Amino acid sequence: MRAGLAVFAVTAGAALLPVSAQADGVVNVYSQRQPFLIQPLLDAFTEETGIQTEVLHLDEGLPERIAAEGENSPADVILTVDIGRLVAVVDAGVTQPVENDVIYEAIPSQYRDPEGHWFGVTTRGRVIYASKERVEQDTITYEELADPKWKGKVCMRSGQHQYNIALFASMIAHHGEEQAEEWMKGLKENLARKPGGNDRGQAQAIYAGECDLGLGNTYYVGLMMNNNEEPEQQEWADAIKVLFPNSEDRGTHVNISGMALAKNAPNKENALKLMEFLTSAEAQAIYAEENYEYPVLPGAAVSETVQSFGEIKPDTLPLADVAKYRKAASEMVDRVGLDDGPAS
Ligand SMILES: [Fe+2]
């Protein structure tokens, strides 16, 4: 069985990248991030270091792919989004720990693995989109989403989506499982409809008057505001205001886009150079600007669009501690029947 995998790995590796990509002066990036987001960064990296980059873009199956390639995997640096996906990559055994002062000093400890297997590169807040017209209050908490005063007013995508799972995991981390479950039951009763669609769809629903509050990530608001290809999205964005939950206490739940060093990285030195570069002020500003995210490097520039949402105060609970409760959160969503929508 192992021998079979190894043969496959050689074939897969050879088919994937030209021979030149295996030579010096190259770094191979396996990315779950869209090419338009990372290309400007990689171009800046090549300009600064002379190191060429080869990118394999994979939406699904990234850990499985690297595992199947085995020791001959050309993967050097892995780029992905969400703590859930980063943990999945580590759990698949396809990463190696990084010890590097530049990277450790740039990235606050709450956004990296204590064992050095994954690192946040940007953050995004999981915020409340609130109707400008129908919601008067300008502050809110996640806890309040279960308050009966919002009955029939809340919209969200599936509770099993990784963005919501991370938020629910943070609720468990802060309140314990029992209290978090009571909260989730209240949230379910406040839903306007069965959870569905994506984050932008919740803004659309608010625009359409189907609900008053929705859960969504910060960067989608920037993407909607500046969407010239589908200008109707600008109207959705215009219908909502961004409320940063729990700004007045523990802070807003944030998730990350992140990076990891592949276990058998053939170009390890170059990989570390790229990882260092991604934490530099220059790269942080480009990365944050491209997708309206927040840099992890303290003091790095935030885009004007993102600044217009107001100031975020991130929850300081380490994401590694949040990640521990992902499974419990997913089971809770099923137990509560969150994705079935409100009872009546
Ligand atoms: Fe997203």
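Per-structure values
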quantity	calculated
Flag if Val154 is more than 25 Å from Lys324 (Cβ to Cβ), in contact with a helix residue (DSSP H, G or I) (Cβ under 6 Å, 6 or more places away or on another chain), β-branched (Val, Ile, Thr) and within 16 Å of the ligand (Cβ to nearest atom)	no
Among residues of the stretch 109-133, those that are more than 16 Å from the ligand (Cβ to nearest atom) and in contact with a Leu (Cβ under 9 Å, 6 or more places away or on another chain), counted	11
Check on Ala300, modelled with pLDDT under 95 and crowded, with 18+ Cβ neighbours inside 10 Å	yes
Meets criteria (surrounded by 15 or more Cβ atoms within 10 Å (Cβ to Cβ) and either at pLDDT 95 or above or under 23 Å from Leu37 (Cα atoms) (or both)) for Lys194	no
Unmet requirement for Phe168, which otherwise passes all of (1) within 16 Å of the ligand (Cβ to nearest atom); (2) in contact with a Ser or Thr (Cβ under 9 Å, 6 or more places away or on another chain)	(1)
Qualifying position, being assigned to a strand (DSSP E or B) and either buried (at least 20 other Cβ atoms within 10 Å of the Cβ) or free of Cβ contacts under 8 Å to residues at least 40 places away in the same chain (or both), among Ala260, Ala283	Ala260
Those residues of the stretch 297-312 which are not aliphatic (A, V, I, L, M) and not in a helix (DSSP H, G or I), in sequence order	Pro298, Gly299, Ser303, Ser308, Phe309, Gly310, Glu311
Matching residues, the stretch 313-341, being crowded, with 21+ Cβ neighbours inside 10 Å and either assigned to a loop (DSSP other than H, G, I, E, B) or touching a Cys at 6+ places or on another chain (Cβ under 7 Å) (or both)	Asp315, Tyr325
In the stretch 210-224, residue surrounded by the fewest Cβ atoms within 10 Å (Cβ to Cβ) [restricted to those that are within 13 Å of the ligand (Cβ to nearest atom) and closer than 19 Å to Leu145 by Cα]	Asn217
Residues satisfying the stated conditions in the stretch 43-61, i.e. under 17 Å from Ile78 (Cα atoms) and hydrophobic (A, V, I, L, M, F, W, C)	Phe45, Ile51, Val55, Leu56, Leu58
Subset tally (residues that are within 16 Å of the ligand (Cβ to nearest atom) and of a type in the set (D, E, K, R)) for the stretch 189-209	2
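The values are calculated or read from the model by the stated rules, or taken from the named source; none is laboratory data. What you are looking at is a predicted structure, and each value in this text was computed from that prediction instead of being measured. Cβ atoms come from the backbone with ideal geometry, glycine included; neighbour counts cover every protein chain shown.
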